[in-house]
Every structure is written in structure tokens, then in C-alpha cells.
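Structure first, then comments.
The values are calculated or read from the model by the stated rules, or taken from the named source; none is laboratory data. Everything numeric here is computed off the predicted structure, so don't read it as measured data. Cβ atoms come from the backbone with ideal geometry, glycine included; neighbour counts cover every protein chain shown.
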Amino acid sequence: MELSEKIRAIEEEMRRTQIHKHTEHHIGLLKAKLARLRAEQERSQGSKHGGIGFELKKGGDCTVVLIGLPSVGKSTLLNRLTNARSKVASYAFTTVTLVPGLLEYKGAKIQILDLPGIVPGAARGTGKGKRVLSVARNADLILLVVDVFQPDQVGLLRKELHEIGARINSCPPNVTIEKRNQGSLGITATCNLSKLPMSTIREMLNVYGINHGSVVIREDVTIDEFVDVVAGNRRYIPAITVLNKMDLVNPEYLAEVRKRLDEDFIAISADQNMNLDQLKETIYSRLNLIRIYLKPRNGPTDLDAPLILTTGSTIADVCAKIYRRAAGSRYALVSGTSVRFSPQRVGMGHVVHDQDIVTIAGQ
Ligand SMILES: Nc1nc2c(ncn2[C@@H]2O[C@H](COP(=O)(O)OP(=O)(O)O)[C@@H](O)[C@H]2O)c(=O)[nH]1
Ligand SMILES: [Mg+2]
């Protein structure tokens, strides 16, 4: 049987199977099989179309993408958020045209990419839609841009992104899998598992060929979350929902949408320049960036051009960003909120904080 036929057969079986206590186990296995087959299909199509796990061409410290249906105002928004002077010509990635712009904010160079609009079924299609979504999958932050008159479009965008393995605004499930080539398969749960019985977990692992090693489950996972863990190729990405064209509605309408839509959003008008400062600030804060000021050993701190890293970065990451590799450094001197006294000598594993001043030493 062809891969696509196998996939269709399982989808059909899932539709026929009613979900209740007695079929949960069966559904769990079907979901694991389906995830595995889809990954296989992805790989075979990927080789034909140049692959989808590519690195985005990065022209900044991080990349934000605009995802939305056609005509919601993505291009207008890109023009408003990014400096027209710094804008470069659009470029094609495989067959997807990416229009990049640069937003400089608090010293960070944030690359924003405008993508062609996506339509329902984009994730399943073999055409452009899927490749557009794949670009989004590789971003550091996604803006889900919807029209103020069609706020429910956000459901569609979420669904399409979910189908290509992007997990929006959620953390990876707290489960670790260590595969080995031989020996038994140890499964430990450090909490009560109310949504997924042990026997199902064991068989789902079996579907993925994981029969040796150890699995530790530290939260009460659902079937879908566990499938995500075994599938292993999910990306957990923050996203902001943006309602554009708010200039066309009144505050009462917006309040109504806020009640109805089961999620937070920022209402803006790209065209009329409304709430764009708030959007920029939210973009910056959701990217979890920190600014590190470098101080040469015998000179003043460079306060003009901070090094931009993400929260949780270490001195080793600082070195990697400066020299592309740790270049034999052994310690650093740090002043700021990450240390008790300033300057303090720290090792390569020390986690730096926003606005720390760092001198790399010991080379
Ligand atoms: N009233 C209003 N119109 C807008 C706004 N933003 C974009 N538009 C208009 O919506 C249409 C589609 O905009 P465009 O940026 O090309 O959408 P895209 O297809 O998502 O890139 C254009 O006619 C824009 O002028 C807005 O905030 N308010
Ligand atoms: Mg456009």
C-alpha cells in the first residue's frame, strides 16, 4: 500500500472509532501510527522539494513571521513595523517569496518576514501553502494576523500550524526518552497518569520502535502530548494574535470579540498606525531577549551595541556569539543582577541576565 493510502485508512478508522474509555488505547496507537506515517511522507516529499527542515536565512538576532489569510494587512504591517531604509529586496526561498524587513528595538535587530497568505488546507497541500507554513515553523515568534471582521480565522491558522508540527504558546511536555540499543524498556511516571494508561504508553513507544531504554514522565500527559514527544520533531513557538483593521470598528465591537474569542489578542490598525508601539513592545517581550554589554579588559563598556541573546543564555553562549565558538576562554567577569558582587568572576556555564556587563577573560 502507498503511504498516502495507509494514512487515509488510519484517518478513516479514527473517524469511525467513537472516543470513550474503552477505545482510548486503540485511538492512542492509531495516533502514534499516523504521526509516524506522516513523518515518513514528509521525509519522502522533502527530498523532492528541497526539504522543509531548513534554517531560515537570518538577517538579524531573531526572526518573526507574519502568518495570515490573504488581504488581512500583512504587507501593510511589515511596512509599518520595519524601517523602510533597511528593507532589502524580496527573495525566494524554494518557491516561497519572503519579504524581509528589519525592526530595530532596544538594540535588537528583529527580522520580520512577510509571507504569502495561506488558505484552508495549506498544511495538507503539497503546494506553496505547506512551504509557507514550514517557514513559520522555523521562526522564533509567529504573528497570527487576522481581519477584525473575521477573528475566527485564528482557529484556522492554529490548525494549519499544528498540522505541520508547530506547537503554539505551549511548552514541551515534561517527558524524557532515552533510547538504547538493547536491554529492557523502563517507564517511570513521577505523577499520577489519569489520561493515558501505562499499557498504551508502552505500545505507542513500540509503534515508534522504542523497545529499549528509559522513559520518564513527569506530568499528566494526554495522548496527543505523548505522540508529540515520541514523534520528536515538534517545534514549540510563541505566537501573538493580531487583529488588524481596528479603525473600521467601534470599541463595543472589540469588547464583544474579546468576550467571544477564547484567547488574548492585540487590536491594531496597520494602515492608521494604531497600537503599533504596543505591538512592538509585545514582540520584543515575547522573544525573551536579553541585552549584554561587553567591556574590554582595559577599556570602557560598549553601551551602544549590546549583544542580543535569549533568556537563559550562558557565558559560553556569549562567547559563541562573539567568536562563533568559545575560543579557549575559561572565565568571565560579570557586573549586574546575575551576580552577588560586581564584578564577579564566573565560569562558562554562568547564566547571564538582561543588561549584565561582561568581560571575557582567560584566553
Ligand atoms: N482599513 C484598513 N485597511 C487596511 C489596514 N491594513 C491594511 N489594509 C488594507 O487591506 C488591503 C490588503 O492589505 P495587504 O497589506 O496587501 O494585505 P496582505 O495580503 O495580508 O499582505 C489593502 O487594501 C490595505 O490598504 C488597516 O489597518 N485598516
Ligand atoms: Mg501581502
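Couple of notes before you dig in:
- Among (1) farther than 30 Å from R258 by Cα; (2) of a type in the set (V, I, T); (3) within 14 Å of the chain's Cα centre (by Cα) - the single one I187 does not satisfy: (3)
- Test: S194 is assigned to a helix (DSSP H, G or I) and more than 27 Å from the chain's Cα centre (by Cα): no
- Conditions (1) more than 16 Å from ligand 1 (Cβ to nearest atom); (2) surrounded by 14 or more Cβ atoms within 10 Å (Cβ to Cβ): number failed by L143: (1)
- Filtering the range 246-266 for residues that are within 16 Å of ligand 2 (Cβ to nearest atom) and either in a loop (DSSP other than H, G, I, E, B) or aromatic (F, W, Y) (or both) leaves an empty set.
Each row is one residue, and each column tells you yes or no for (1) more than 29 Å from I10 (Cβ to Cβ); (2) outside the structural domain of V72 (by TED's automatic domain parsing).
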residue	(1), (2)
G183	yes, yes
I187	no, yes
S199	no, yes
L205	no, yes
G213	no, yes
N244	yes, no
L248	yes, no
E256	yes, no
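- Residues of the range 331-348 that turn out to be assigned to a strand (DSSP E or B), among the hydroxyl-bearing types (S, T, Y) and more than 33 Å from the chain's Cα centre (by Cα), as a count: 0
- Residue match in the range 296-316 (condition: of a type outside the set (S, T, N, Q), within 16 Å of ligand 2 (Cβ to nearest atom) and either touching a Phe, Trp or Tyr at 6+ places or on another chain (Cβ under 8 Å) or outside any loop (DSSP other than H, G, I, E, B) (or both)): no
- Residue among V227, V339, V318, V334 that alone is more than 22 Å from V72 (Cα to Cα) and assigned by TED's automatic domain parsing to the domain that holds G28: V227
- The condition of being surrounded by 14 or more Cβ atoms within 10 Å (Cβ to Cβ) and among the small types (G, A, S) holds for only one of G232, G213, G209, that being G213.
- Matching residues, the range 68-83, being basic (K, R) and within 7 Å of ligand 1 (Cβ to nearest atom): K74
- Enumeration of residues in the range 77-118 that are in a strand (DSSP E or B), modelled with pLDDT under 65 and in contact with a strand residue (DSSP E or B) (Cβ under 7 Å, 6 or more places away or on another chain): Y91
- Only residues that are in contact (Cβ under 8 Å) with a residue 40 or more places away in the chain and in contact with an Asp or Glu (Cβ under 6 Å, 6 or more places away or on another chain) were counted across the range 172-221, and they come to 2.
- When the criteria are applied in full, D271 meets the requirement of being surrounded by 14 or more Cβ atoms within 10 Å (Cβ to Cβ) and either charged (D, E, K, R) or modelled with pLDDT of 95 or more (or both).
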